[in-house]
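Read through the structure below, which is laid out as structure tokens, and then see the notes.
The values are calculated or read from the model by the stated rules, or taken from the named source; none is laboratory data. This is a predicted model, so every value here is computed, not measured. Every residue, glycine as well, gets a Cβ built from its backbone with ideal geometry; the counts of neighbours run over all protein chains shown. These accessible areas exclude ligands, DNA and RNA; they are computed on the full protein's heavy atoms, side chains included. Shrake-Rupley method; radii C 1.70, N 1.55, O 1.52, S 1.80 Å.
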Amino acid sequence: MKLVFAGTPEVAVPALDALLASGRHEVAAVVTRPDAPAGRGRRLVASPVAERAEEAGIEVLKPQRPRDEAFLARLREIAPDCCPVVAYGALLPRVALDIPAHGWVNLHFSLLPAWRGAAPVQHALMAGDQVTGASTFQIEEGLDSGPVYGVVTEDVRPTDTSGDLLTRLAFAGAGLLAATMDGIEDGSLKAVPQPSDGVTLAPKIQVEDARVDFAAPALRVDRVVRGCTPAPGAWTVFRGERLKLIQIALLPDRADLAGLAPGELAVGKNNVYAGTGSHAVELLWVQPQGKKPMKAADWARGVRIAPGERLGA
């Protein structure tokens, strides 16, 4: 088939690479979000998908909005058979959806109908899911509600961050998307409507959602830290300034730490502990406001934590 691939961030690049390497389909063009300011200089930078497409000598389309007439006219000229999508980042209007003969097929990083929305991996981790995966489905005007072509599953590991899990799903999902294109082309694959039961929503994680509540049980604290790493970044407050929590570790219920109140800190020779609503956790890596990430023990030595001081106060 002739394909127009739509995607923007780094997580979409493995799928583009898989389609380019398949040898079975032609990627005629790529659609991505416009260049965006980045870095300290805030200079305009092309998306990772745009950079990869330019390396491969593929036409890159960067409409401000997918309903822009110039973009729609060019898409009609290309006349794609199908448009595979991975994390494009903009809503597609009906007029665009109707152009390719086989529509737009999205690779979504959850086992639909679970976790429809912008942040499925983060929500799966924060909810404590033990198994997740990726799905390919036909895009329609509803939120991730179209019929499903195929799925792959992935076990959630005890120390996974959302970054770890998303990386694995990006590569597993790339193979799924390529296989889905093959099945659509030869007619062996038919999309199946999603069940009405089991629908959960995964809206974008806001900065305030990533604030750690140390009054919650240790398991919940751990899930929030892992689910919000690397973005938007789990955080708390110490001495009135924001402190990012990059990595923590769950501990057995230790008698010597049992008296710690939620958020209360205890410092050992090379360890830093914080109380929660159940039992203490160990802080491994933190990032003070305006500074680089550091080991929690180094941070604690630098700030000289006084007895009874707390996170979150």
Below 12 angstrom from the Cβ of Ala202, what's the summed charge of the other residues (Lys, Arg +1; Asp, Glu -1)?
-1
Taking only DSSP H segments of four or more residues, each worth -39500 (n - 2.57), what value at 222 nm results for the chain once the sum is divided by all its residues, to the nearest 500 deg cm²/dmol?
-8000 deg cm²/dmol
For the chain, the Kirkwood Rh over every pair of distinct alpha carbons, in Å, works out to 21.3 Å
Could you look at region 1-96 and say what percent of its accessible area is carbon and sulfur, using a 1.4 Å probe and all protein chains?
50 percent
Phi to ³J(HN,Hα) by Karplus 6.51 cos²θ - 1.76 cosθ + 1.60 over region 273-287, Hz, x for Gly, Pro:
10, 9, x, 10, x, 10, 9, 5, 10, 9, 8, 9, 9, 9, 9
Label-point separation in nm, Arg242 to Asp256, each point 7 Å along Cα→Cβ
3.5 nm
Please list Ser110, Ser188 in order of solvent-accessible area, largest first, computed with a 1.4 Å probe with all protein chains present.
Ser188, Ser110
So, in nm, how far is label Asp98 from label Gln130 when the simple model puts each one 7 Å beyond its Cα toward the Cβ?
4.8 nm
Rounded to whole Å, give me the distance from the Cα center of region 209-270 to that of region 76-135.
33 Å
At a 1.4 Å probe, what is the % contribution of carbon and sulfur to the accessible area of region 183-313?
53 percent
What is the spin-label model distance, in nm, from Arg40 to Asp155 if the labels are put 7 Å beyond Cα along the C-beta direction?
4.4 nm
Pair-distance profile P(r), taking every C-alpha pair of region 131-235, with 5 angstrom steps and integer %
2, 11, 16, 18, 18, 15, 10, 6, 3, 1, 0, 0
Give the calculated FRET efficiency between Asp182 and Leu143 to the nearest 0.05, with a Förster radius of 30 Å applied to their Cβ-Cβ distance.
0.65
Please compare each pair in Lys62/Lys244; Lys2/Lys62; Lys269/Lys291; Lys62/Lys204; Lys62/Lys292 to a cut-off of 31 Å on the Cα-Cα distance and tell me which ones are over it.
Lys62/Lys244; Lys62/Lys292
Give a residue-ordered list of calculated ³J(HN,Hα) values for region 142-149 (Karplus: 6.51 cos²θ - 1.76 cosθ + 1.60, θ = phi - 60°; whole Hz; x for Gly, Pro).
x, 7, 6, 10, x, x, 9, 8
Aspartates and glutamates whose Cα lies under 12 Å from that of Lys190, excluding same-chain neighbours fewer than 8 positions away
Asp182
With a 1.4 Å probe and all protein chains left in place, how much accessible area per residue does the chain have, in Å²?
48 Å²
Shape call for region 22-102, from the Cα gyration tensor axes a ≥ b ≥ c (a/c under 1.5 means rounded, otherwise prolate when a/b beats b/c, else oblate), comes out oblate
Of the peptides 179-186, 222-229, 166-173, 235-242, how do they stack up when ordered by the mean number of other Cβ atoms within 10 Å, highest first?
222-229, 166-173, 179-186, 235-242
